[in-house]
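Here is the structure we will look at, set down as structure tokens.
The values are calculated or read from the model by the stated rules, or taken from the named source; none is laboratory data. Since this is a predicted model, take the numbers as computed values, not measurements. Neighbour counts run over all protein chains shown; Cβ positions are idealised from the backbone, glycine included. Areas reflect the complete protein model, heavy atoms only, side chains present, ligands, DNA and RNA absent. Shrake-Rupley method; radii C 1.70, N 1.55, O 1.52, S 1.80 Å.
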Amino acid sequence: MDDEYSKFVRRMNPPRVVIDNDTCEDATVIQRLESNASFVPSMRDSVGVMPSEEHTSIELSGTDRPGLLSEMCAVLADLHCNVVNAEIWTHNARAAAVVHVTDDSTGCAIKDLNRLTTIKELLCNVLRGNSELKAAKMTLATPGVTNRDRRLHQLMFADRDYEKVERAELQRIEDKGSRPHVTALDCSQKDYTVVTMRSKDRPKLLFDIICTLTDMQYVVFHGMVNTGRMEAYQEFYIRHVDGLPISSEAERERVVQCLEAAIERRASEGLELQLCTDDRVGLLSDITRIFRENSLCIKRAEISTKGGKAIDTFYVTDVTGNTVDPKIIDSVRRQIGQTILQVRRNSSPPPKAPQGTTMGYLFGNLFKARSFQNFKLIRSYS
């Protein structure tokens, strides 16, 4: 009934959408207005899955280590599974992946329960490794189309990647200016919590933050985003779904840590390599094996196949997390093919975070700077 009522309300009260190309010289302004009555809570799960016979979806999370993706790909190749697309994130010594595979003989989803059980057991063994600090997790999701980015955030969040990990390989000196700057302060006169975030700008930054706030059961009532050439500033007035602002220091610290993690997970750390070649069974296993043999550590990867072509992007560092020696990259390219593997760019360091915890507040002086493009997100309830 909720779904039918929602559809009825939207038909009777369609949202007003305005496209404005005149207000700003270098951006298109969209404004969307909709009454609160159309925001009807859904009874379905927060992650949408639609039926499909095309592939088997595998979700994994566990402790990150050099060569992990190579070992996973080798297991899948040995089990006659072809990776058609995947996305892999690493953050704070944790790794998460959403992988879509097909049977290499039929090109369709794998349905045999015994074979699926074997895949799960062997991949869990790889994820567990020799000295697992946390339990490895693997799920054979319902075959279908999943919002991978949203699911990766949820996998990382469930694995508590926002918690600090004391490990020898993470002890190297960090440039604190490269980290996002997040605050969560009280706005007592309006009974909100105001969260502010300043970080390097990048695609999908707003999406990542809103997904995390939503999964943490917070509602955004008002907000503003400013982006400059390299930097983004975001400010949101939030309450928990129970209508209350943040009420304890422990909760405040957790929100700050989770938003920092949401910003950092998709950050393009390392050297960007792009591979484009004819797709074949076992290709990803061969490529990642060469990376591992040359001591390259994959920090993030996007795997896709289109029209028989494999189009993959890898972000790599050396095993210590530092910049890769160009001689090693040249050797890797010679082994894979100079025209097949291209060097795109080396990620530039983000701007330094501001000192102190002064916040601009909505429509504050910070947003008057001419060098910024403004985006206002206003959603209020009577």
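Once fully extended, how much extra length lies between THR214 and LYS306, figured as 0.36 nm per residue of separation less the alpha-carbon to alpha-carbon distance?
Working: separation 92, 0.36 × 92 = 33.12 nm, distance 3.23 nm.
29.9 nm is the gain from fully extending THR214 to LYS306.
Taking a probe of 1.4 Å, how large is the accessible area per residue of region 181-267, in Å²? Mind dumping the intermediate values first?
Values: 3470 Å² over 87 residues.
Accessible area per residue: 40 Å².
Quick check: residue separation of LYS204 and LEU122 times 0.36 nm, minus the Cα distance between them. What number comes out in nm? All intermediate terms of the calculation are to be shown ahead of the outcome.
Numbers: separation 82, 0.36 × 82 = 29.52 nm, distance 3.35 nm.
Taking 0.36 nm per residue and subtracting the Cα distance, the gain is 26.2 nm.
Phi angles across region 251-261 convert, under the Karplus curve 6.51 cos²θ - 1.76 cosθ + 1.60 with θ = phi - 60°, into 3J(HN,Hα) values of 5, 4, 5, 5, 4, 4, 4, 5, 6, 4, 5 Hz, Gly and Pro given as x.
Selection among LEU283, GLN234, THR323 by position relative to the dipole of region 231-341 gives LEU283 as farthest towards the positive end (Cβ unit charges, Cα centre).
Close amide H pairs (under 5 Å, H built 1.01 Å from N) link GLY67 with ILE298, residues at least 5 positions away or on another chain.
Net charge of the neighbourhood of ASN114, taken over other residues with C-beta under 13 Å away and scored Lys/Arg +1, Asp/Glu -1, is +1.
Given a 1.4 Å probe and every protein chain left where it sits, what share in percent of the accessible area of region 181-267 is carbon and sulfur? Could the numbers behind the result be given before it?
Numbers: 1880 of 3470 Å².
Roughly 54 percent, rounded to a whole number.
Once the chain from THR277 to GLN338 is taken as fully extended at 0.36 nm per residue, the excess over their C-alpha distance is 20.8 nm. With all projection directions averaged, the alpha carbon convex hull of region 181-267 covers 5.2 nm².
Between ALA27 and LEU113, the simple spin-label model (points 7 angstrom out along Cα→Cβ) gives 5.4 nm. Of the peptides 280-290, 89-99, the order by per-residue mean of other Cβ atoms within 10 Å, starting with the highest, comes out as 89-99, 280-290.
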